[in-house]
Amino acid sequence: MRALAALALLLPGAAAAAPNQCKVVDVDFIPGDKLQIVAWLEDAAGHFVDTIYITQETGTFGIGNRPGRFDFNSGPLWPYGRRETVFPVWAHRHGLSFPLIGFQDGNENDLSHMAKQSSGETHFCRPLDPNAAGDQVQWDTGTCATSVATDKGHFSPTQTSLYPPRTDLTSPVAMIDSVDIEMYAMLNPFDAISQATPLGGVPALVSWPIPQDLPAGNYVLFVETSKEFDGNDTYNATAYPAPTQINYDYFGEPYRGQPSVVYAVPFTINDSEVIADTQSYAGYGDPDGQDGMLRAPDATISTDTPGSGGARLQIASDGTAMYRLRVDAHAETDLVSPGLPDAVNLVSTDSRTATISFVAPGDDGDVGRVRGYEVRLMTAATMTEANFASATPITSTVVPEDPGQPQQFTVGDLLPETNYMIGIRALDHWSDAEGVCHDAGPLALYSFTTPEAPVGSVDACFIATAAYGSIMAGDVGMLRRFRDAVLRNSVLGELAVEGYYTFGPAIAGMIGESDLLRATTRDLLAPLVAIARQTKW
């Protein structure tokens, strides 16, 4: 946040804040469920000032600029398809461009990619077939029960994107990833302000320290919201169907419902407190993401369903006014930074989740309630103050309690038998000796390791995947369906499946490292593939 805000320090003509005073813009709203959100500031003439908030799927994990065609189907933590429709108004206004990310083999129409170009994935899941027995449970719960490898892509030599690439990749895997991924994080300026997707129905607060040299005057705060599968009579799977002429088109479902919806609040920055709000959306973005025009509200956008269309931000009230989006520009005087979260401890963990507890600090050392917490997660590295901003924000919301009270949150989508380090810091606003706004206390760190996955809990064809190179390979999908529909309907078949999951991962590790073993395993699986192809279920 402060890295981007610092760009505005180059703007001339602003009056300095009073000593020990920090000017801030607080933005509060109640989001609907599963929204992607970006907030930015423009001056009265429409000049872009700064991006002040963006949810992590776009800001950190780069869903706007990743391999695959934009209209690929979607599903829980879907790994492929550049979502150019997520924030088209913001994307065309921020003034930046990035190299387009494409698949290494150049085929943007294929969901399946060679193992030799697919490294381990720590965030996204494998694509799911919502009609397959094993996949239905994961689809309904929105969880990833399997580890997966994905093609992280490479730079297009000729094409550009208005969206940043992902920043969570540390270094390329030799002989698998393109060396281009070393540059992804360096090119993305939004990771510092990227936050976890807020919980639906829970009040959210975004605080932006106003750069000291930002001129006083009139501004507009924009918030653009996006949501998959937000259909209505105009925008639905009939009007925007699944793409054709791609392999594995039965994976996922058409996601393109109503387009991005934008809210706008004009307000003034000066020496006094200014509060402004709106109950209505200002317009919507291009359904195909090809332009940045703000289309005027019309009957194609739903307004009567909470969390959908023009009602993606819910109605809130402060006791005197009703609003969907409110802006409060004011000055704060605060000389003391928040305290350190104390007594961080692991309450419980399994192979996929961990529950962490700590004792709340104060916003002035040990006094006063903090505004909120920033919690990030890192694996395969030691977290420090220097690299904290590059770690992955968690999706849990921690509601602040009074100093000394217990706090608790749960982290999901973890991998089995993996070492993690978690960092927690309290957020507030204060001013240093030079009048520069800060909003974070010291960092509390804690390490833990997830246990191994229970036998049978990982829904993947380990050996077949290692042999064929991709879990999306046609024969692997055939074997998975044969397993779910035939083997698991008999006692002997279920025993065979359980035994496979006990020994499969270790065997698959050896197979995946040897071209000879991969070829031999394909030959051994060939009779079973033939049976599966002839079986009706």
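The values are calculated or read from the model by the stated rules, or taken from the named source; none is laboratory data. None of these values were measured; they are calculated from a predicted model. Glycine also receives a Cβ, built like all others from the backbone with ideal geometry; neighbour counts cover every protein chain displayed.
Going by what's in this entry, would Asp191 be described as acidic (Asp, Glu), crowded, with 21+ Cβ neighbours inside 10 Å, modelled with pLDDT under 90 and within 27 Å of Asp50 (Cβ to Cβ)?
Working: acidic (Asp, Glu): yes; crowded, with 21+ Cβ neighbours inside 10 Å: yes; modelled with pLDDT under 90: yes; within 27 Å of Asp50 (Cβ to Cβ): yes.
In short, yes.
Given the range 52-142, what helices (runs of 4 or more DSSP H) lie entirely inside it while holding 3 or more residues that are touching a Gly at 6+ places or on another chain (Cβ under 8 Å) and surrounded by 19 or more Cβ atoms within 10 Å (Cβ to Cβ)?
On the way: elements: 56-59, 88-93, 133-141.
Result: 88-93.
Please work out which one of (1) surrounded by fewer than 16 Cβ atoms within 10 Å (Cβ to Cβ); (2) in the same structural domain as Glu417 (by TED's automatic domain parsing); (3) at negative phi is the condition Ala343 fails and give its number.
Only one criterion is unmet by Ala343, namely (3).
Restricting attention to the range 173-201, report how many residues are within 18 Å of the chain's Cα centre (by Cα) and either under 30 Å from Pro306 (Cα atoms) or assigned to a loop (DSSP other than H, G, I, E, B) (or both).
Number of matching residues: 12.
With Gly13, Gly64 as the choices, which residue is of a type in the set (Gly, Ala, Ser) and either in contact with a helix residue (DSSP H, G or I) (Cβ under 7 Å, 6 or more places away or on another chain) or at pLDDT 95 or above (or both)? Full working, then the answer.
On the way: Gly13 fails: either in contact with a helix residue (DSSP H, G or I) (Cβ under 7 Å, 6 or more places away or on another chain) or at pLDDT 95 or above (or both).
Just a single option satisfies the conditions, and that option is Gly64.
Only one of (1) more than 16 Å from Arg166 (Cα to Cα); (2) in contact with a Lys or Arg (Cβ under 7 Å, 6 or more places away or on another chain) is not met by Arg82, so which one is it?
All conditions are met except number (1).
Consider the range 122-142. How many of its residues are in contact with a strand residue (DSSP E or B) (Cβ under 8 Å, 6 or more places away or on another chain) and more than 17 Å from Tyr248 (Cβ to Cβ)?
2
For the range 230-245, enumerate the residues that are of a type in the set (Val, Ile, Thr) and either under 11 Å from Gly309 (Cβ atoms) or in contact with a Pro (Cβ under 8 Å, 6 or more places away or on another chain) (or both).
Answer for the range 230-245, where residues must be of a type in the set (Val, Ile, Thr) and either under 11 Å from Gly309 (Cβ atoms) or in contact with a Pro (Cβ under 8 Å, 6 or more places away or on another chain) (or both): just Thr234.
Please enumerate the residues belonging to the range 398-422 that are part of a strand (DSSP E or B) and within 17 Å of the chain's Cα centre (by Cα). Full working, then the answer.
At the first step, the residues of the range 398-422 found to be part of a strand (DSSP E or B) are 406-411, 419-422.
Within the range 398-422, Thr410, Val411 meet the criteria.
Looking at (1) assigned to a loop (DSSP other than H, G, I, E, B); (2) hydrophobic (A, V, I, L, M, F, W, C); (3) at pLDDT below 95, which is the only condition Phe229 fails?
That leaves (3) as the condition not met.
How many residues are of a type in the set (Val, Ile, Thr) and under 24 Å from the mean Cα position of the chain (by Cα) when one looks only at the range 224-277? Before the answer, list the steps.
Applying the first criterion (of a type in the set (Val, Ile, Thr)) to the range 224-277 yields 225, 234, 238, 244, 246, 261-262, 265, 268-269, 274-275.
Narrowing the set further to residues that are under 24 Å from the mean Cα position of the chain (by Cα) leaves 225, 261-262.
So the count comes out to 3.
May I ask you to list the residues in the range 232-263 that are hydroxyl-bearing (Ser, Thr, Tyr) and assigned to a strand (DSSP E or B)? If you could, list the steps in order and put the result at the bottom.
Initial filter on the range 232-263 (hydroxyl-bearing (Ser, Thr, Tyr)): 234-235, 238, 240, 244, 248, 250, 255, 260, 263.
Answer for the range 232-263, where residues must be hydroxyl-bearing (Ser, Thr, Tyr) and assigned to a strand (DSSP E or B): just Tyr263.
I need the full set of residues from the range 371-382 which are within 21 Å of Gln407 (Cβ to Cβ) and either of a type in the set (Ser, Thr, Tyr) or more than 20 Å from the chain's Cα centre (by Cα) (or both), in order please. Working first, answer last.
Step one: of the range 371-382, the residues within 21 Å of Gln407 (Cβ to Cβ) are 371-378.
Those that are within 21 Å of Gln407 (Cβ to Cβ) and either of a type in the set (Ser, Thr, Tyr) or more than 20 Å from the chain's Cα centre (by Cα) (or both): Arg371, Tyr373.
Could you list, in sequence order, the residues of the range 312-332 that are among the hydrophobic types (A, V, I, L, M, F, W, C) and either closer than 22 Å to Arg83 by Cα or without any contact (Cβ under 8 Å) to a residue 40 or more places away in the chain (or both)? Write out each step before concluding.
Going through the range 312-332, the residues among the hydrophobic types (A, V, I, L, M, F, W, C) turn out to be 313, 315-316, 321-322, 325, 327, 329, 331.
If the condition is that a residue be among the hydrophobic types (A, V, I, L, M, F, W, C) and either closer than 22 Å to Arg83 by Cα or without any contact (Cβ under 8 Å) to a residue 40 or more places away in the chain (or both), then Leu313 is the only one that fits.
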